[in-house]
Amino acid sequence: MHIRNILHPTMSQVGKLFSMDRLISLSGRDIIFPFYHIVTDEIPIHAKHRYGIKSVKDFESDLEFLLKHFKALDLNDVLSLKRNKLSGKKPGFFLTFDDGLSEFYNVVAPILLRKGIPAACFINSAFVDNKQLFYRYKSSILIHHLKENKNLIHLIDKNTIAEKSHENIIKQILTIDYSERHVLEKIATSVDLDFNKYLETQKPYMDAVQISSLINQGFYFGAHSIDHPLYSKITLKEQIFQTETSLAWVKKQFNQNFSLFAFPFTDHGVSKSYFDHFSENKVVDLSFGSAGIKKEKIMGHYQRIPMEVPGNNAENILSSEYFYYLLKSFVGKNRIRRHD
Ligand SMILES: [Zn+2]
């Protein structure tokens, strides 16, 4: 678990000694970038073992809180911010959603349209149209399958996962990362689980027709890599390939005249050389990380606030983020540092 999630309950208690407006003015951080993945009352199996998912009611109250203290910004406002031309004194937020899940189309978009809140969605070129499944979702489906069918565990080949006890197998499956993702396929086959069938029947992702219709209704779409690797674990060459391929795909597929990119998982550990490459070739208009409220040196790159902290509403999360930011500013540690 991220250190920030552990600190949230304490930080938000202390942070709440100040009003939100006071925290905003003390910190000087008046433009924020909250982000989510899924909003739903029926948690899908693929996301079950992943993040803290907000219900429709909780999401709507997050939005109410945000709208009380901030103005909902449009993509053009954020592009003006990059050029230092954002006018207006009221604090603002720009909302984004990662992974291109069908709940954005079915649940989130209708709420945002009703409330008049603009948003951008970040999609993986390999997953749109339910062509493939994110390896982390595979592990979630696999765990669910093994919990439901405990008798299947003995079928798992000893060479793929050494642990035979139920608890250990589940723990091990959760730690399988991008470079070992083929192991998930192997285990699934041995326990008679078909991920393609899951994609066909459950349709976890939006398809191109749904995305085009959302674009016609004013939503923005950007890239989120090809197939969601953790960037710090792949080479610089692979990082650049993942970013450029997915950006080009989104742009061409959906005829967009801007390029937005959100790092899969996090931009933590991504080098200065990566950002230098993109600032030279100007392929990306705006990019986003997920390190909370932080100062960024890189033009057009913004850190977003993860809003899916289990058991926490927008007020808790933002109070804690702001308070944490203020604490760190006393010791000069709220700026992102990068290696070469
Ligand atoms: Zn993601």
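The values are calculated or read from the model by the stated rules, or taken from the named source; none is laboratory data. Just so you know, these numbers come straight off a predicted model, no measurement behind them. As a convention, Cβ positions derive from the backbone with ideal geometry for all residues, glycine included, and neighbour counts pool all protein chains shown. Heavy atoms of the whole protein, side chains included, go into the accessibility calculation; ligands, DNA and RNA do not. Shrake-Rupley method; radii C 1.70, N 1.55, O 1.52, S 1.80 Å.
Quick notes on this one:
- The mean sequence separation of alpha-carbon pairs under 8 Å and at least six residues apart, normalised by the residue count of the chain, gives a relative contact order of 25 percent.
- Along each principal axis, taking the top coordinate minus the bottom one, the Cα set of region 116-229 gives 51, 25, 23 Å in descending order.
- Under 20 Å of direct C-alpha separation, and excluding same-chain neighbours fewer than eight residues apart, residue 233 reaches these lysines: 138, 272.
- For residue 285, net neighbour charge (Lys/Arg +1, Asp/Glu -1) across residues whose Cβ lies under 13 Å away: +4
- DSSP beta bridges fully contained in the chain are about 5 percent antiparallel.
- Ignoring aspartates and glutamates fewer than eight residues from residue 251 along the same chain, the ones with Cα atoms less than 13 angstrom from its Cα are 285.
- Note on the chain: with charges restricted to the Cβ of Lys and Arg (+1) and Asp and Glu (-1), its dipole about the Cα centre is near 1140 debye.
- 21 Å Cα-Cα threshold exceeded, pairs from 71/333; 54/115; 252/295; 89/297: 71/333; 252/295; 89/297
- Cα centroid separation, region 289-312 to region 75-107: 13 Å.
- Rounded accessible area of residue 58 (nearest 10 Å², 1.4 Å probe): 80 Å²
- Between helix 314-330 and the chain: long-axis angle, C-alpha atoms, 0 to 90°, nearest 10: 70 degrees
- Where GluC sites (Glu not before Pro) fall in DSSP loop in region 15-124, at most 11 other Cβ within 10 Å: 42
- Rg/Rg_ref, the chain, where Rg_ref = 2.2 N^0.38 Å and atoms are Cα: 1.01
- Solvent-accessible area per residue in the chain equals 48 Å², computed with a 1.4 angstrom probe and all protein chains kept.
- For region 135-200, the orientation-averaged shadow of the C-alpha convex hull comes to 4.0 nm² (one quarter of the hull surface).
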